[in-house]
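Scroll down for the structure; my scribbles are underneath it.
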Amino acid sequence: MKWNSCFKNNIFGPCFRRILNICKCKPMKKLFLAMAALATVLISCQSDRSTGPTDLAKNSIIPKPVSVTSTGGTFMLTRKSDIIVMPGSPEEVAGIGHYLAGRLNPSTGLGLKVITDGGKPGKGDIQLVISEADSTLGDEGYELIITGKLLTLTAAGPAGLFRGIQTIRQLFVPEIESDTVQPGPWTIPTGTIRDWPEYGHRGEMLDVARHFFSPEDVRRFIDHLALYKMNVLHLHLSDDQGWRIEIKSWPNLTAHGSKTEVGGGEGGYFTQEEYSDIVKYASERYITIIPEIDMPSHTNAALSSYPELNVNGKATEPYTGTDVGFSTLDTRSETTYKFVDDVVREIAALTPGQYFHIGGDESHSTRIDDYIYFVNRVQDIVESHGKSVTGWDEIANATLKPGAVVQYWARATNAIKGVNQGAKVLMSPCKYAYTDMKYDSTTVLGLSWAAYIEVDDAYNWDPATLVPEIGREKIVGVQAPLWAETISTFSEAEYLIFPRLQGYAEIGWTPSDMRSWDEYRVRLAAHGKRMEILNIGFYRSPLIEWDQPDM
């Protein structure tokens, strides 16, 4: 191609001619022409991208929506775009609008404003609507109608709007997640999405006891959960290796019991103010915090802090190893129940969610009759502070209270015992849902006692059919625990969490008959770039063609 002639005759002609006259020297002229050619290619690519995708059905949304209808057009954000909150909306809808603006403005540089005074939506606007007219959507469902002029997000309540916003984020190219201005343009295909979750509980558990993670780490994790429409974060706040939340009536739990972690690190803990801030941050993203105090075993940090909690009345030594099942509270001592009552009371007062997790797993040093006595009494304590009990599947050996939830992790027989008592089940099977398991034998981080869990293994299971005796109607949802024996930084945690988290999110949200690994893996590939922009150090599974462009 004769670049000289091409550039002289295109729309940049006058500028190029002036520069070419300056560049008399041949090497400089060649260099300039090469740079100009590259600029033209980039401009051409930008032009191609400006047309954007036009088939809404060919999206990379995770979790997969219930219904998608394409109309073949394009919606574009412009400098005239705003976020319109309909008059009469609950006050928190404006907050959701500001959240969306905070996600879109850094990358687009468009300065979208949130309009709450009843202004008429204009071309390129995003409209947030609360309407109870469509009962199908439920508490977290939404309808997204995208035309060439307007994007309208409708839900029965604020939580549904927030879930729908995550779909809007994912419909834009991954660069929308950047914290610096990107070139754009910002287009998405037109059509209609109707969507709602299969299960009401979709969560992850973070173990901050074996290794402590800071409030900043936890908030970052909450943001990850929000992007994929998860709605629960279970915090494992105590174990043999450390006590991680301030209890004002028992101050030595943190003054002494928080100072260790696996491998001998310095440990740490959340003050009650820090914990309250985490709860608030999660609530603003429609995520519920479930606190766990593991007992009567996994309690060495408490036993080391207060000798009166031990059967022999002597304080144990701090523990930094990884063995389990060796510790136990004195289950026949009234001091123990005063301790439990104070701990539950203080944490429950800071946690607005329905559930308090009492642990109950791996109590190998507690006699079974003492264990049952303990769980029964602790359930009464939890209920006295306005919470419902949840615990690992072993608690089903006790007499469960109405409304109790058994978290199935190891023994289906225990979960079935819970179902037979009228309890609901939270599915966290260790062979499929434990994100501390290695991906394969070459994975450096993680464990392998339950299984190797590659990305396809994490995705290809159905909670409703995994245990025939536990039918769909008995299941509250899905949760993927991350135990922290082998990880000490949050970047290491992210490596084990991602990209398995997306699969768990889809299992919890999308009906099983709509899920297919072969189709899902293509959508997941498109999230590689998104995770890179979000600085998530994920595992690049060889089962996924990560370099595929966003759909």
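The values are calculated or read from the model by the stated rules, or taken from the named source; none is laboratory data. Note that this is a predicted model, so its numbers are computed, not measured. Methodologically, a virtual Cβ is constructed for each residue, glycine included, from the backbone with ideal geometry; neighbour enumeration extends over all protein chains shown. We work out accessible area using only protein heavy atoms, side chains counted, and drop any ligands, DNA or RNA first. Shrake-Rupley method; radii C 1.70, N 1.55, O 1.52, S 1.80 Å.
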Is there a residue in region 141-149 that is more than 26 Å from S283 (Cβ to Cβ) and open to solvent by less than 10 Å² (accessible area, probe 1.4 Å)?
yes
Look through L128, L153 and report the one residue that is open to solvent by less than 20 Å² (accessible area, probe 1.4 Å), farther than 20 Å from N59 by Cβ and of a type in the set (A, V, I, L, M, F, W, C).
L128
Within region 370-398, residues of a type in the set (G, A, S) and within 31 Å of the chain's Cα centre (by Cα) come out as S384, G386, S388, G391, A396
Selection from region 75-98 of residues among the hydrophobic types (A, V, I, L, M, F, W, C) and either more than 22 Å from S283 (Cα to Cα) or buried (at least 23 other Cβ atoms within 10 Å of the Cβ) (or both) yields F75, M76, L77, I83, I84, V85, M86, I96
Only one of (1) free of Cβ contacts under 8 Å to residues at least 40 places away in the same chain; (2) closer than 25 Å to T331 by Cβ; (3) touching a strand residue (DSSP E or B) at 6+ places or on another chain (Cβ under 9 Å) is not met by L447, so which one is it?
(2)
For residues in region 475-524 being basic (K, R) and open to solvent by less than 10 Å² (accessible area, probe 1.4 Å), which is nearest to G263 (Cα to Cα)?
R500
Name the pairs whose Cβ atoms lie under 7 Å apart, with the first residue in region 334-351 and in a loop (DSSP other than H, G, I, E, B), the second surrounded by 18 or more Cβ atoms within 10 Å (Cβ to Cβ), and 6 or more positions between them or separate chains?
T351/V279; T351/I289; T351/P291
Of the conditions (1) in contact (Cβ under 8 Å) with a residue 40 or more places away in the chain; (2) more than 30 Å from G471 (Cα to Cα), G203 clears all except one; give me its number.
(2)
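If a residue has to be closer than 18 Å to A349 by Cβ and touching a Pro at 6+ places or on another chain (Cβ under 9 Å) to count, how many in region 282-327 make the cut? Break it down into steps so the answer makes sense when it comes.
Going residue by residue through region 282-327, those that are closer than 18 Å to A349 by Cβ are 282-283, 288-293.
From what is left, the residues that are touching a Pro at 6+ places or on another chain (Cβ under 9 Å) are 283, 288-289.
Adding up the residues that qualify gives 3.
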I'd like to verify a number: residues in region 285-309 that are buried (at least 21 other Cβ atoms within 10 Å of the Cβ) and either free of Cβ contacts under 8 Å to residues at least 24 places away in the same chain or polar (S, T, N, Q) (or both), how many?
5
So which residues in region 310-333 are free of Cβ contacts under 8 Å to residues at least 24 places away in the same chain and polar (S, T, N, Q)?
N310, N312, T316
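Could you check region 237-248 and list, in sequence order, the residues that are under 19 Å from F221 (Cβ atoms) and either in contact with a strand residue (DSSP E or B) (Cβ under 9 Å, 6 or more places away or on another chain) or open to solvent by 10 Å² or more (accessible area, probe 1.4 Å) (or both)? Please lay out each step first, then the result.
Within region 237-248, the first condition is being under 19 Å from F221 (Cβ atoms), and the residues that meet it are 237-239, 242, 244-245.
If the condition is that a residue be under 19 Å from F221 (Cβ atoms) and either in contact with a strand residue (DSSP E or B) (Cβ under 9 Å, 6 or more places away or on another chain) or open to solvent by 10 Å² or more (accessible area, probe 1.4 Å) (or both), then L237, S238, D239, R244, I245 are the ones that fit.
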Do we have Y373 as aromatic (F, W, Y), within 20 Å of L233 (Cα to Cα) and open to solvent by 10 Å² or more (accessible area, probe 1.4 Å) here?
no
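Residues are listed down the side, and each one gets a yes or a no for (1) crowded, with 22+ Cβ neighbours inside 10 Å; (2) not small (G, A, S):
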site: P183; (1), (2): no, yes
site: P197; (1), (2): yes, yes
site: V208; (1), (2): yes, yes
site: R219; (1), (2): no, yes
site: L235; (1), (2): yes, yes
site: W250; (1), (2): no, yes
site: G268; (1), (2): no, no
site: E273; (1), (2): no, yes
Since G97 meets every condition but one in (1) in a helix (DSSP H, G or I); (2) among the small types (G, A, S); (3) in contact with a Gly (Cβ under 8 Å, 6 or more places away or on another chain), which condition does it not meet?
(3)
